[in-house]
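First up is the structure itself, then whatever we jot down about it.
The values are calculated or read from the model by the stated rules, or taken from the named source; none is laboratory data. The model shown is predicted, which means the values in this text are computed figures rather than measured ones. With ideal geometry, Cβ positions are generated from the backbone for all residues, glycine too; neighbour counts draw on all protein chains shown.
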Number of protein chains: 2
Amino acid sequence: MLDVALPGTGGMMPLPGRWLSCLLVRLGGELLLFDCGEGTQVALAALGWGFRRLGTIVISHCHADHVSGLPGLLLRLANSDRVEPVRLFGPPGLCAVAEGLRGIAPVLPFEVRCEELAPRQPQAVAGGRLVAELADHGLPCLSYRFDVPRQPAFQPERARALGLPVEHWQTLQRGEAISWRGHAVEPSEVLGPPRRGLAVAYLTDTRPAARLVELAAGVDLLVCEGTYGDDADAAKAVEHGHMTFREAAELAAAAGARRLWLTHFSPALQEPERYLSLARQVFPAAEVGNDGRTVALSFEDR
Amino acid sequence: MLDVALPGTGGMMPLPGRWLSCLLVRLGGELLLFDCGEGTQVALAALGWGFRRLGTIVISHCHADHVSGLPGLLLRLANSDRVEPVRLFGPPGLCAVAEGLRGIAPVLPFEVRCEELAPRQPQAVAGGRLVAELADHGLPCLSYRFDVPRQPAFQPERARALGLPVEHWQTLQRGEAISWRGHAVEPSEVLGPPRRGLAVAYLTDTRPAARLVELAAGVDLLVCEGTYGDDADAAKAVEHGHMTFREAAELAAAAGARRLWLTHFSPALQEPERYLSLARQVFPAAEVGNDGRTVALSFEDR
């Protein structure tokens, strides 16, 4: 099961009642946060999923509304008795910015390991797989996909047919070959066909792009910026490197995403619901994100 | 008239429903902010006094909960079309910290002029006079007093008795001498006795100290930290360089302050009102601060 939350949905500046855009993912109890603007720690506190197990922070880019909450959040983790390292991922330039911000959080009871990511280089992170792709926002900015692969089902009837004792089953189930009675036994001999995992993509502060369609291909949930609701703001979206609701919906449709949550609303967009129909014309499963929205994604039954 | 607001009243970390401690002062339309932790820009937005005329930001010390909101606030001012310089005041070390934080707000449409203050050196600021005193918090930390001096009343009957034409009155009223018919006329010849001005003091993240009693002598409003409510936390207050409600009240009483607003509550202090009686035993005019509390201080009638 992959729990997903939108602690905040605003762009540019935090507002009373609307925190800055971010995405929180929980897998096996571990927390992974995408973006951390000013006030994100308060949005996380309001959500109530805790701080101690937040071990991965992924930043899209170094504009203040996506990174300025970092020192406060790190201090909050320290205050939650975290001592394990925290991994920080983001685009080139992030580590220097993080270093500057940490001038007010110089002493922490854990190590912060900052890694600047290249596109399309999957990383094993928090029990899943993180991959980045270049966004189109006029400065180094990354969009992300987080995959939770699913092992094929173990088929005990085939293991029994091979006469394999039960103590070897778990190794094969994990996908590792064993040697038994002088023969190699491959996992494929006792495992079923490949199974669909779970995937979430997080695209913000970007224009649409074919490479982002590919990044988000077939995801269970696409969390995508829709800075502007109205089609009439299409030119503004181009000018500022953002998307309209319609453009986000077109991207979701092209990617074959199952669900779309719109987020990163302009401060001027006070009632994003008013423009939802424009997205639904293109992608009927589109939803307007709101602060505190959550969903639990489960593997398909089979 | 001096308008005063407490946009936030929390210490250590911003909480849902309680912003970090700060103090906003408005004089002649100009705004002056004391301390700027994470989320202070949202607290200011909720207050509704605007951003454009915020030209002075005064920082007590460089702990994250007092300064981490600086880059976001500067960007907010930029977004409010401010182009006039912003003055930033604080203790030694502030300018380097501010420089690090500005890594995410490098380009602003106004100049930020950072000045590290020495104690007891009054500065002309925002139409009033700012003076700092050393706090006692284990690192460079300043407490502040902001005075609005009041001119003595102009006494037209004395000006008429001297035969002074009306066109000279304003100069004398401003406190400047004039030359008239070959004689110097001093302002004291047409002005009444000295009049009491208005003063506010802001003491946070400090133990009580005699020098702070002196700083706050006779202020109209003392905004003072009371990190702990319960007398039983007196040892913790010593350990962490803070005060209990009772200690803040003792300081207010010793200073002869007219009012006391307690602020900077520990996150563990969920209902500060429960301990107000402990402060009132010592200083009956004590009040528990709350986010959004305001008061308009007026010159006395005379």
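For this structure, a couple of remarks:
- The requirement of being of a type in the set (S, T, N, Q), surrounded by fewer than 13 Cβ atoms within 10 Å (Cβ to Cβ) and in contact with a strand residue (DSSP E or B) (Cβ under 9 Å, 6 or more places away or on another chain) is not satisfied by residue A:155.
- Among residues of segment B:1-27 being under 15 Å from the mean Cα position of the chain (by Cα) and surrounded by fewer than 18 Cβ atoms within 10 Å (Cβ to Cβ), the one that is nearest to the other protein chains (Cβ to nearest Cβ) is B:3.
- Going through (1) farther than 21 Å from residue A:136 by Cα; (2) out of contact with any helix residue (DSSP H, G or I) (no Cβ under 7 Å at 6 or more places or on another chain) one by one, residue A:69 falls short only on (2).
- Filtering segment A:48-64 to residues that are within 14 Å of chain B (Cβ to nearest Cβ), under 17 Å from the mean Cα position of the chain (by Cα) and either of a type in the set (Gly, Ala, Ser) or not in a loop (DSSP other than H, G, I, E, B) (or both) leaves only A:60.
- Checking each residue of segment B:21-33 against the condition of being under 16 Å from residue A:40 (Cα atoms), touching an Asp or Glu at 6+ places or on another chain (Cβ under 6 Å) and modelled with pLDDT of 95 or more gives no match.
- Any hit, segment A:278-298, residues being hydroxyl-bearing (Ser, Thr, Tyr), over 17 Å from the mean Cα position of the chain (by Cα) and under 21 Å from residue A:19 (Cβ atoms): no
- Checking each residue in segment A:74-93 for being touching a residue at least 40 places away in the same chain (Cβ under 8 Å) and either surrounded by 17 or more Cβ atoms within 10 Å (Cβ to Cβ) or among the polar types (S, T, N, Q) (or both) picks out A:89, A:90, A:91.
- So residue A:161, is it closer than 30 Å to residue A:267 by Cβ and over 29 Å from the mean Cα position of the chain (by Cα): no
- Considering segment B:113-126, the residues that are loosely packed, with under 14 Cβ neighbours inside 10 Å and assigned to a loop (DSSP other than H, G, I, E, B) include one that is nearest to the other protein chains (Cβ to nearest Cβ), namely B:118.
- Only one of A:133, A:116 that is at pLDDT 95 or above and touching a Cys at 6+ places or on another chain (Cβ under 9 Å): A:116
- Per the conditions (1) within 11 Å of another protein chain (Cβ to nearest Cβ); (2) touching a strand residue (DSSP E or B) at 6+ places or on another chain (Cβ under 9 Å); (3) not polar (S, T, N, Q), the sole criterion not satisfied by residue A:101 is (2).
- Residues satisfying the stated conditions in segment B:129-139, i.e. crowded, with 19+ Cβ neighbours inside 10 Å and either closer than 21 Å to residue A:104 by Cβ or out of contact with any Leu (no Cβ under 6 Å at 6 or more places or on another chain) (or both): B:130, B:131, B:132, B:135, B:137
- Positions within segment A:34-49 being touching a residue at least 40 places away in the same chain (Cβ under 8 Å) and in contact with a Leu (Cβ under 6 Å, 6 or more places away or on another chain), in sequence order: A:34
- Among residues of segment B:188-216, those that are over 19 Å from residue B:25 (Cα atoms) and surrounded by fewer than 23 Cβ atoms within 10 Å (Cβ to Cβ), counted: 14
- All helices (runs of 4 or more DSSP H) inside segment A:195-267 with 3 or more residues being in contact (Cβ under 8 Å) with a residue 24 or more places away in the chain and more than 22 Å from residue B:75 (Cα to Cα): A:210-215, A:245-255
- Per-region count, segment A:260-302, residues surrounded by 15 or more Cβ atoms within 10 Å (Cβ to Cβ) and of a type in the set (Ser, Thr, Tyr): 3
This table checks each residue for (1) surrounded by 15 or more Cβ atoms within 10 Å (Cβ to Cβ); (2) within 23 Å of residue A:205 (Cβ to Cβ); (3) not assigned by TED's automatic domain parsing to the domain that holds residue A:57.
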position: A:105; (1), (2), (3): yes, no, no
position: A:108; (1), (2), (3): yes, no, no
position: A:111; (1), (2), (3): no, no, no
position: A:141; (1), (2), (3): yes, yes, no
position: A:145; (1), (2), (3): yes, yes, no
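- Where a residue in segment B:269-298 is over 12 Å from residue B:230 (Cβ atoms) and its partner, wherever it lies, is at pLDDT below 95 and not in a helix (DSSP H, G or I), with Cβ under 6 Å and at least six apart: B:296/B:1; B:298/B:1
- Boolean, residue A:250 is under 22 Å from residue A:199 (Cα atoms) and either β-branched (Val, Ile, Thr) or crowded, with 24+ Cβ neighbours inside 10 Å (or both): no
- For segment A:79-93, the criterion of being outside any helix (DSSP H, G or I), of a type outside the set (Phe, Trp, Tyr), more than 28 Å from residue A:265 (Cβ to Cβ) and within 12 Å of chain B (Cβ to nearest Cβ) is met by at least one residue.
- Residues that are more than 23 Å from residue B:201 (Cβ to Cβ) and at the interface with another protein chain (Cβ under 7 Å from one of its Cβ atoms) were ranked within segment B:65-78; the one that is nearest to the chain's Cα centre (by Cα) is B:68.
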